[in-house]
Each structure stands twice: as structure tokens, then as C-alpha cells.
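For reference, the structure discussed in these notes is given below.
The values are calculated or read from the model by the stated rules, or taken from the named source; none is laboratory data. All of these numbers come straight from a predicted model, not from anything done at the bench. All Cβ positions, even for glycine, are placed from backbone atoms using ideal geometry, and neighbour counts span all protein chains on display. The area values use the complete protein model at the heavy-atom level, side chains included, leaving out ligands, DNA and RNA. Shrake-Rupley method; radii C 1.70, N 1.55, O 1.52, S 1.80 Å.
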There are 2 protein chains.
Amino acid sequence: MILEKISGPEDLKGLTLEELEQLAAETRAALVGRLSRVGGHAGSNLGVVELTVALHHVFDSPRDRIIWDVSHQCYPHKILTGRKEAYLDPARAREVTGFTNPAESPHDHFIIGHTATAIPLALGMARDRDLAGRDERVIAVIGDGALSGGEAYEGLDCAGEYRGNLIIIVNDNEQSVAENHGGLYGMLRRLRETGGEAPDNLFRALGLGYRYLEEGHDIRRLVEALRAVKDTDRPTVLHIHTVKGKGLPYAEADREEWHSAAPFHVEDGTPVHGYPVYDTTVCDSLVRLMEENRRAVVLTAATPRALGVVGDLRARWAARGQFVDVGIAEECAMTMACGIAAAGGTPVFGVYAPFLQRAYDQLSHDVCLNNQPVTILVLLPGVFGMKSNTHLGLCDVQMIAHIPNIVYLDPATREEYLQMFRYATGQREHPVAIRVPVRWREGEEDATDYSLLNRARVVRRGRDAAIVAMGSLIPLALEAADLCRERTGREITIISPRFLTGVDEALLEELKKDHQLVITLDDGEKDSGYGQRIASFYGDGSMRVTNLGISRAFHSDFNAEALLRDSGISPEGLCALINPL
Amino acid sequence: MILEKISGPEDLKGLTLEELEQLAAETRAALVGRLSRVGGHAGSNLGVVELTVALHHVFDSPRDRIIWDVSHQCYPHKILTGRKEAYLDPARAREVTGFTNPAESPHDHFIIGHTATAIPLALGMARDRDLAGRDERVIAVIGDGALSGGEAYEGLDCAGEYRGNLIIIVNDNEQSVAENHGGLYGMLRRLRETGGEAPDNLFRALGLGYRYLEEGHDIRRLVEALRAVKDTDRPTVLHIHTVKGKGLPYAEADREEWHSAAPFHVEDGTPVHGYPVYDTTVCDSLVRLMEENRRAVVLTAATPRALGVVGDLRARWAARGQFVDVGIAEECAMTMACGIAAAGGTPVFGVYAPFLQRAYDQLSHDVCLNNQPVTILVLLPGVFGMKSNTHLGLCDVQMIAHIPNIVYLDPATREEYLQMFRYATGQREHPVAIRVPVRWREGEEDATDYSLLNRARVVRRGRDAAIVAMGSLIPLALEAADLCRERTGREITIISPRFLTGVDEALLEELKKDHQLVITLDDGEKDSGYGQRIASFYGDGSMRVTNLGISRAFHSDFNAEALLRDSGISPEGLCALINPL
């Protein structure tokens, strides 16, 4: 076994071609081993095994800097740069994260999880190299899917004016998270079909050098191609053709399904823990909308599965012009939604909370300034959402709730979500964003008229103390209330604000009569969160207010309950605040 | 006079070529009249007079929808769509804003002031047209400068997959706000030089139809070209060559100076109110940094003048690799700054507050998650900044202060700014953003060690009541304090928080001893602003807190003092809160 002897890129330098090929096979095996045991980004990593071996054979990392776009394809890189045990030894799996991380290794230069940033990062490093008089090479590796992001283009455009060593490897596996969308992909196809000779080459158009390699899994050719561009004195694109999921037939066959995988049996790809059962509430709400409204359009930025829009449904809606996947281009989706609404249509843009922040300007300046009735479904918001510091949803309230004109709704139950969605897509007064619950809770039929803004729901009426809890924390608040009753016989009040863009002043005023304490629970960051608005409301001293929420930090790999508990948000913690009353 | 008879585009339909030409001349004269009297975006509007005449002759606005990117070039459009009096009659100048505005006219479809959104907006309108079974044409007009924005590319890419009528007019005047930067501009030049025939055409690469017109001021040819693309059944780019500032020799000669103009004498372009005197504090601070640090890099997204980096200085720094204009690509600038810092350099990105929001994700995910020592100069923040609803800086605190790792500094005086800048660019612990004062106030020499975070400055020590005021409002707070003293003999406390990313807990604790009221003054939006953190701190009822700030709305064309006064922020208003104590 060669991998055994590899503790860093220096150990790849003297290997023969055959040994490199064997190393690639062993790297892929290690990768498959970990993927099958703990899951992760499967397709992209399987597709760059040979490229990574070749890169570390030809370049001198960490002196030469390799920057992986999104960095979800960095597993082979980690295997070859001193972290193989996390892939080989199940007991050590947790030693690495799923993204590059400078804290793990000097071969990693950034924590990265969002798309289309590698070229600007590389340009920045190249510029400092020049100023400091160093001469290392800078390499950005970016996928074809990521090229749909505007920042990738901004980087290519800037690179077109830069003069110095910069190598941009376009890893073209003919796939984004889902299938690719955009005119760009016609060009990449034409380049693949002509061995890079097709006219109207976008990279050359932007002033970059360009070279094509069809055999993206052939280490000999990869090494040749990398050597040919290694010491380029101008930004040069090396466009290579690879296979997403390479080496696992089922992953090659269903590239969307295998973009990211749960633990699976290697022999046939069947899941270890059974097929996941996805909640269909969001998709069902979209289906109903489509049935009722011929001018409804659902938009996604490359993550249609997040909405449950799969298979037939996707094809059927797309054919009718009612489903648009813009690629990894949240800005375009948000602004296009504004255009649809302004023309009289009913757009719904579903987006993960951490990616919504990529369209903050478009939400504010296009949708909200123009006050267009766009419905935004904010997926995986708050502490129960994604858990990697690269993909946090802890600041959705901070990001959205201060923008004028928008109504930000926070359902506590499935029925509230459904009624809020009907309201949002049936009105033309406001942009409306809805926090889609991560954990669905059943409630009572909801017939609330949400056009009457800022009316909170009193979930339970008590006295002395009230907990104002975001929807996801209502169950915990109820538990706390039960515990308080058990211990003191006192019934406390539980309030679900439902509207995060305003406070229910009448209700807050009324509480003054028989309450002395209001505790607010934000399921995201506390600073500038929802709760502080309530503290501000009661600033006259008429009520004691305790704001609880998550601390201001890029939390990572956390357990939601533990992080909440550490923030004082637990039944015990809440009772401890309330019982002294 | 033909313009006299034009009350809308329908009046252009029957005009002969000669009449159209005369109308263009009269439109330009009306435009020059207003520009010389009240100022505004000069160059871009002068460059699209003939295009606008031709568009309204060939198309049927408002049925056909013309969407102006940024919309700062919409003045001729306004003249020809029923709003000419605002250009001809000085007394009616205030009837129109400087951007398209649906409240003014059905010929305007959006309020737009940010770059690169027209193509996604047009795509949205086109999609709704298809679903609703209408058949109007949709036209997006976008400048060459705006094509450096990633969202323009995202729109082009999406358009490359769309099938239906969509006309994208690329108005190429060879200039952005300042000179163009990026590889893209080599391509546009090659296309201009070859009559559109050069190889590696980015538009064709993305799957769009393409046509070139050299004579962008020739109405006959414009009409021909527009007619040729009018009923296209696929997205088609019409690339036209125009002259920014066309018709005013001094504006044609200095296109950057004349991007936007103050009132001027038409005969020679000299300013009516004298040449403006720009404060050089920011530029001086950059000059000192450049002298001391060979690895400092100043970045701008197409607005180098905002930093005072003009003429020789710009050329010299750029030649040394220490000045980068990325084009209108804030995302790229922010991420590139992260790359520079990670490599060990010292990047400073200066950006207007309303445009910083275009790089929110890059600030959070690239710079702050990676905790890189990038210095961000936030220009024109708060209520004293820009006054158009398209360009507000009222939410910079909301946008920045909740992001982990960053330190957001708010100087009250010139000396504090200089010391904060020295701190920011001399440390490697944190990303630091500095609010650059709009109105400079002289203070005492500042030797504060800002590495000791969250220490507020007590500007004046009094008792009973304290005002915690953002830097720009310290003068007003002092006035209020003087007025209170005059009326009640009482000296009140004035505090400048200086750090907007944290509260000075020790100071706030100490205030409890001899104060009963803290009033906070945000010079931006109140909700989720700085002051609410103080209300949260005192939530235990140990202090009464009144948060004051601007209401949550897209305020426009306001007088800062009046808006503050209406928000309760005036010496009189503050005294009225304090005196009953």
C-alpha cells in the first residue's frame, strides 16, 4: 500500500506514474470507506481523486497554494496532506471537517463552504505574493456548477487584467448540485466536444489563457497538463473533463442523488440507515399553489431537492415555465422573482438560510424597495438548521427583519406554515419571507388572517412571567412552563410572535397588568435579534426583560440542544429565571 | 419645437427621421438645461439620448417594457414619457427623481439604483408574459461598466437558456463610473474594432444572439437595428457604441469627472457654485499607510474618487500593484481582500454603505469566518449619507454589527478616525470596519488603544441621564446637554460607544449608580440597531432606556436634520425626555 507511506505532498514527488495511479486507487478506496461509513459530499470528491494526486505531484503545497472552490471536494486533498487517518480509521473520523480548514493543516488556506469565491481569493493571494516578492504558484480549482455564480465571473474578469502566475482549473463534471442550467453549459459542452477548440470561448473572451484536457482521470495527462501551465505568467484556465461520482457506478448514474450521501453499502449504494423519509409539507404547498395559479413560478438556486421538487414534477413545471433553476446564482433568482412579481406573477423563491445571505442586496434593493409580493421560503433557519460554520442560519432574523416593507413570518406548527404560505402567495401588498420549520410540529387548524400584521399568538395564558419564543422553541417553552407549574403551581404565559418584523404592542402592553418578567428566546443569534426589540419596547422599566439567544460566534459542529442549553435556553434554565419571582 | 408636442411615446411614432433627429437635439438641450441647473448623472444620460428616442419610436412603451439598468441614465426616457416639464421648467424640477420610479409613470417598472439587475428583472417580466399569454417585448438596457457586476453575468447565463423575446441592449460608452477594469473590456474593444466580428464573443458564448452597431448616436441606424431585433424569439444582445457625455465637449473629454455633475455653466462646464473642496482625511490616511507598508493594497469597486484616489496617485499605486479597481464587483473586492490578508498583506476596501450590502455574504463567509484582518471603510453611512431610497446607508449597523469576529468602529472626530485606521491596518486579530464620518468634526489627539475592545468614551460626565450617541450625533447630543443645563442646571452624561459590535458593560454597570435614564441615538434605523443592545443590557429594570433612531422605511429625498427631529432626535426633543427626571 502506497498511501500508508504518504504523510504529505512531498511523498508524492518521487513516485512513478504507476505508483501515482495506485495511490489514486487507494485514495479513492479510503474516500469510499469514509463516505460509506459517515456520509458527506460524494460525487465531487470521487471526481477529483486523480486531479488531486496530480496537483500534489506537480505543485509544492503548501508553498504553492491550492484553493478549492466551495471546498466540498477537498477530501482527497485532506487524505494526501497528512489527514488520511480520518478517512482510514473510523475512530478518527471526527478529526476533520468537510471543508478546508487552516486550523487542521497548513495545506488549507481558508474555511470555505460557499460557491464561486476561489478565483477572487486566489487573486488576492497572488497580489500579495507579488508585493512581498515571493514566487509561489497560486491555483484555484472551481467546478462547472460554481461557474454559474456571479462572483466566479467577477473573478475571471479581474484575472483577465492581472498579469502574473495564476492557474484556474475548471473541473467540468457536467453537473451542479442538480443538473446544470444556463447558457454557459452549452459553451462548456461545445468545448468538450471539440477538445477545447470551439469558437466563442468565454475564458478567452475575458482575456485568459486556456487549455483543455479531456482525460480528467488520466494521471499522466493531468501531470503533463499541469506542468504545461505550472509556471504561466498570466492567468490561465485549465479546463478538465471529469466524471462526478467516478468509481461508484450508482453515483455516476445518479449524480444529483449522490451529490451528498448518507452512509451506504458500498456494493450497491443502498443506505445503511434506510431510505430517508422527507417531509413533503413544503412541496405539497407548492403543488397546491401550482394547481391554483397558472402564473406562479417556483425559483431555486441549484437546490431544487431542498423544496422536494424532484423527478417528474420538476420536468413538468419547468416545461410549463413555472419552475426555474438559475444555477448557483441567488442574486439572479431574487431579482428575477422581483421581475415576475412586478409583471403580476406569483414567484416563490426557496433558499437555504445561509445562501439567502448571498442575495441580501437583491432582497433589500430589488424586492423590498419595490415592495413586490415575492414569497421567500427560508429553509433550515436557526439553531436547528445546518451545523457547519460554513453554513449557518443563526442570523436570518438579523439579516431580514430590519429591511423595510418585508413581512417575516415564523410558524410554530405545520398548520401555521400552510396558512402563512397561502397568505403570502395570495396577497400583493408585501414581500413575505417564511421561516420553514426544520422540525415540523402538528398544531390546530390555522385560519389566521395574516394580513393583520404583527399579531402574536398567545399559546398559553398565565401570569407573572411570559416566554416569547420563536416558533421552533415553542415546544421547549411549553416544557419549561410545565416544569414551572410542577414546581411552583404557577402557570406562565407562552407567546409565539409569528411576525418577526414587528412586535405586538397591544399584547405587550396588556402583559404589564399581571406580568413582571418577559423572557425572549431567539433560536439564532441574540444580538440584534427579535428579543431585543421587546427589551426596547419595555425600556421604560415597566417590565423586566431577559433576552436569551445564541452568542455571536461562528459555531460549528454543535448539538442544537446543547448550544441552546449553554445559552440558558432549557426548561431547567428558564425555570431558574422564573421561579424566584 | 417638436418636444413641445411630445407628451408620450405615442407621439414619436409618426415622426420622420429628420424630426426624430431634431427631437433628439431638443431632448439633449432639455437634459443639459436641467443638468446645468440642478446637477445629476451627466455622462450616461447624454450618451443615450439617440438610443432613447429610437427605443420609443420603435417600441410601444409601456406595453413593451424597457428596463434601465441602474436607471441613472433614464433622464431622456423621462423627458419623452410625459415628464419633460421637470427638465424644461426650473420650477418643476423636483417633480422627478434621478431614477426610474413606477409612482411617477407607467413607463417606469422599478425603482432601481444598484447595478447589474436589469437582465434578471427583464427575465422575470418575460417569464410572466409567457405564463399570462401576453406578447409584449421586454428590453433591458445595460452599460458596459455594469457588465462587470456578477449579477449581470448571472442574468446573461440564465437568458442563454431562456427561449422567448428578450432584447439586451449593451450601451458601450467605454467607461464605468471611473475607467473600466477587467478582461471583459478587452473583448468589448475587440468587438468594437471589428464591427462585432471578433472571435470569443462572451454573449455568443453564453448562447445569446448578438448584433453590433457602431453608430450609437445615429438614429436611422439605431431604428434599423432595433427593428431587426424587435421581434426576436430568443434573447439577443444589441451592442451599441456610444459616447459618454455626448454633446458636451468637456464631458466627453473627462468622463469620470462628468459621471455625475453639480450645477455648471453650459458654455465651459465650470461649476456654478465653485469647485468643491473635498476633505482629504481618508486619502491622507491611505497615503500614510502606503508609505509605511509595501504590502498594503487599497481596493475599490469602481468608485476610486470616493476615497480621493485620483490622477497620479491612482496610476502610481496601481502600477505598484497596491491599488485595485475590480469594476462594479463588490463581492470580488471583498473576497480578494480576504485573500490578500490571508497571504499576509494589508488590504483596505473602501465602499459606500449602500453598496457594501452587495457583499454581505463575502463579508460574513469569507472575511469574518476566516477572521482575516481586512479593513473596510464604510463611506457615507447613516442619515447624513446619501438621501435617495436607492442609496441608503441607514442599515449599516444592522448589516455588520451582528457578524461574528468583526470589530465595527464609529469615530466621532477626525482624530479618532485616524487612530482607528492606524489600529485597523496595524493589527492582525480581526476584520475591522470603520464608519467614515460624513461631516468631520475636530477633536483632541487620540491615542486610544483600540485593541482593548468595547470601551466607550465618556465625552462628558454628568448624572441622572446619559445619552449614548453614535459618533455623528455627538454634536447634537452636546447641544442637548447644553440646553438641559441651561434649563435645569443639570449636567447630563454623553457617551460615544466607538465600538458598535459590543457594549461597554463596565461603564453601563457604573452608570446605574447615579443615572436613571439612558437615551440611545442611532443615526440609522432604530430596529435591531445599536441602542437596542443597551436596552437588552438593562432589561433587568435597573435603568430606564429610551431607544431613538430612524423608522424602518425606505426614506427618500429627506433632510437629515428633519428626519432626525421627526424621530425625536433634536436638542429640544431630548430635553423633553430628560427634564421631567
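I want the antiparallel fraction of DSSP beta bridges within the protein assembly as shown, as a percent rounded to 5. If you can, show how the numbers build up before the last one.
Working: 14 of 122 bridges.
Counting only bridges with both partners in the protein assembly as shown, antiparallel ones make up about 10 percent.
Would you list which lysines come within 21 Å of residue B:512, measuring only between C-alpha atoms, while excluding same-chain residues fewer than 8 positions from it?
Reachable lysines: none.
Quick check: residue separation of residue B:448 and residue B:566 times 0.36 nm, minus the Cα distance between them. What number comes out in nm? Walk me through the numbers on the way to the answer.
On the way: separation 118, 0.36 × 118 = 42.48 nm, distance 3.48 nm.
Residue separation times 0.36 nm, minus the Cα-Cα distance, leaves 39.0 nm.
What is the interface area between chains B and A, defined as buried accessible area summed over both chains with a 1.4 Å probe, reported in Å² to the nearest 100?
8700 Å²
Leaving out same-chain residues fewer than 8 places away, which lysines sit with a Cα under 18 Å from that of residue B:13?
In chain and number order, the partners are B:5, B:78, B:84, B:230.
Assign one of three labels to the protein assembly as shown, namely rounded, prolate or oblate, based on the Cα gyration tensor with a ≥ b ≥ c the square roots of its eigenvalues; rounded applies when a/c is under 1.5, prolate when it is not and a/b is larger than b/c, and oblate otherwise.
Values: a/c = 1.36, a/b = 1.05, b/c = 1.30.
Taking the square roots of the gyration eigenvalues as a ≥ b ≥ c, the protein assembly as shown is rounded.
What does the charge add up to near residue A:405, with Lys and Arg as +1, Asp and Glu as -1, over the other residues with Cβ less than 14 Å from its Cβ?
Values: positive: A:428, B:552; negative: A:366, A:429, B:525, B:527.
Combined, the nearby Lys, Arg, Asp and Glu give -2.
Percent antiparallel among DSSP beta bridges with both residues in the stretch B:460-575, to the nearest 5?
5 percent
Accessible area of residue B:18, 1.4 Å probe, to the nearest 10 Å²?
For residue B:18, solvent-accessible area is about 120 Å².
From the label point of residue A:22, set 7 Å along Cα to the beta carbon, how far off in nm is each other copy's matching point, shortest first?
Result, one decimal in nm: 9.0.
Determine the share of the stretch A:281-348's accessible area contributed by carbon and sulfur atoms, expressed in whole percent, with a 1.4 angstrom probe.
On the way: 910 of 1870 Å².
The C+S portion of the solvent-accessible surface of the stretch A:281-348 is 48 percent.
Provide the gained length on full extension for the span residue A:197 to residue A:60, in nm with one decimal, where the gain is 0.36 nm per separating residue minus the Cα-Cα distance.
Values: separation 137, 0.36 × 137 = 49.32 nm, distance 3.06 nm.
Result for the pair: 46.3 nm of gain on full extension.
Assuming a ≥ b ≥ c are the square roots of the Cα gyration tensor eigenvalues, decide whether the stretch B:243-295 counts as rounded (a/c under 1.5), prolate (otherwise, with a/b larger than b/c) or oblate. Could the numbers behind the result be given before it?
On the way: a/c = 4.81, a/b = 2.11, b/c = 2.28.
Here the stretch B:243-295 falls in the oblate category.
If Lys and Arg each add +1 and Asp and Glu each add -1, what is the summed charge of the other residues whose beta carbon sits under 10 Å from the beta carbon of residue A:361?
-4
Please list B:513, A:387, B:84 from largest to smallest accessible area, probe radius 1.4 Å, with all protein chains kept in place. Display every interim value, and only then the final one.
On the way: B:513 170, A:387 65, B:84 25 Å².
The ranking, largest first, comes out as B:513, A:387, B:84.
For residue A:168, list long-range residues whose amide hydrogen, built 1.01 Å from N in the peptide plane, is under 5 Å from its own amide hydrogen.
Amide H to amide H, under 5 Å and 5 or more residues apart or across chains, residue A:168 pairs with A:140, A:236, A:237, A:238.
Gap in Å between the Cα centre of the stretch B:117-167 and the Cα centre of the stretch A:526-581?
First find each Cα centre; the distance between them is then 45 Å.
Just to check I understand the Karplus step: with θ = phi - 60° and J = 6.51 cos²θ - 1.76 cosθ + 1.60, what whole-Hz values come out for the stretch B:437-442, glycine and proline as x?
Values, residue by residue: x, 7, 10, 6, 10, 7 Hz.
Before I look further, what does chain A give for accessible area per residue, probe 1.4 Å, in whole square angstrom?
On the way: 18570 Å² over 581 residues.
That works out to 32 Å² for each residue.
How high is the relative contact order of chain B, in percent, counting Cα pairs under 8 Å that sit 6 or more residues apart?
Numbers: 1184 pairs, mean separation 56.7, N = 581.
With pairs under 8 Å counted, the relative contact order is 10 percent.
On the protein heavy atoms, probe 1.4 angstrom, tell me the percent of accessible surface of the stretch A:354-466 carried by carbon and sulfur. Could the numbers behind the result be given before it?
On the way: 1540 of 3350 Å².
The C+S portion of the solvent-accessible surface of the stretch A:354-466 is 46 percent.
If one takes the longest principal axis of the Cα atoms in chain B, at what angle in degrees, from 0 to 90 and to the nearest 10, does the Cα axis of helix B:281-292 lie?
80 degrees
Using a loss threshold of 10 Å², tell me which positions in the stretch A:346-377 are less accessible in the complex than in their chain alone. Probe radius 1.4 Å, ligands and nucleic acids ignored.
Listed in order, they are A:357, A:358, A:360, A:361, A:362, A:364, A:365, A:366, A:369, A:370.
How much length is gained on full extension from residue A:312 to residue A:559, taking 0.36 nm per residue of separation minus their Cα-Cα distance? Could you put the intermediate results ahead of the total?
Working: separation 247, 0.36 × 247 = 88.92 nm, distance 3.61 nm.
Answer, rounded to one decimal: 85.3 nm.
Could you work out the relative contact order of the stretch B:62-165, using alpha carbon pairs under 8 angstrom and six or more residues apart, expressed as a whole percent? Mind dumping the intermediate values first?
Numbers: 148 pairs, mean separation 35.2, N = 104.
For the stretch B:62-165, the relative contact order is 34 percent.
As a test of reading the structure, rank B:436, B:277, A:287 by solvent-accessible area (1.4 Å probe, protein chains only), most first. Can you show the working numbers first?
Details: B:436 10, B:277 140, A:287 40 Å².
Per-residue accessible area, sorted high to low, gives B:277, A:287, B:436.
Excluding residue B:221 itself, what net charge comes from residues whose Cβ is under 11 Å from its Cβ, given Lys and Arg +1 and Asp and Glu -1? List each step's numbers first, then the result.
On the way: positive: B:220, B:227; negative: B:50, B:214, B:215, B:218, B:224.
Neighbourhood net charge equals -3.
Round to the nearest 10 and give me the degree value, 0 to 90, for the angle of helix A:49-58's Cα axis relative to the longest principal axis of chain A.
60 degrees
Can you give me the angle between helix A:219-230 and the longest principal axis of chain A, using Cα atoms only, in degrees from 0 to 90, rounded to the nearest 10?
Tilt relative to chain A: about 90 degrees.
Tally the DSSP beta bridges in chain B and give the antiparallel ones as a percent, rounded to 5.
Details: 7 of 61 bridges.
The answer is about 10 percent antiparallel.
Amide H neighbours of residue A:495 under 5 Å, counting only residues 5+ apart in sequence or on other chains, H built in-plane at 1.01 Å?
HN-HN under 5 Å from residue A:495: A:459, A:467, A:468, A:469.
Indicate the gyration tensor shape class of the stretch B:114-266 (rounded, prolate or oblate), computed on the Cα atoms with a ≥ b ≥ c the square roots of the eigenvalues: a/c under 1.5 is rounded; otherwise a/b larger than b/c is prolate and the rest oblate.
Details: a/c = 1.68, a/b = 1.59, b/c = 1.05.
Cα axes put the stretch B:114-266 in the prolate bin.
Could you tell me which residue in chain A puts its beta carbon nearest the axis mapping A onto B, with the distance rounded to whole Å?
A:150, 1
What are the ³J(HN,Hα) couplings of the stretch B:386-402, residue after residue, when phi is run through the Karplus curve with 6.51, -1.76, 1.60 and θ = phi - 60°? Round to Hz, x for glycine and proline.
Ordered by residue, 3J(HN,Hα) equals 5, 10, 8, 4, 7, 9, 8, x, 7, 10, 5, 5, 4, 6, 9, 5, 8 Hz.
Given H placed on each backbone N at 1.01 Å, which residues far from residue B:546 in sequence or on other chains put an amide H within less than 5 Å of it?
B:518, B:519, B:520
Okay, helix-only estimate at 222 nm for chain A: each DSSP H run of n ≥ 4 adds -39500 (n - 2.57), divide by all residues, round to 500 deg cm²/dmol; what do you get?
The helix-only estimate for chain A comes to -10000 deg cm²/dmol at 222 nm.
In sequence order, what are the phi-derived ³J(HN,Hα) couplings for the stretch A:352-358 according to the Karplus relation 6.51 cos²θ - 1.76 cosθ + 1.60 with θ = phi - 60°, rounded to whole Hz, with x for glycine and proline?
Each residue of the stretch A:352-358 in turn: 4, 3, x, 8, 4, 5, 6 Hz.
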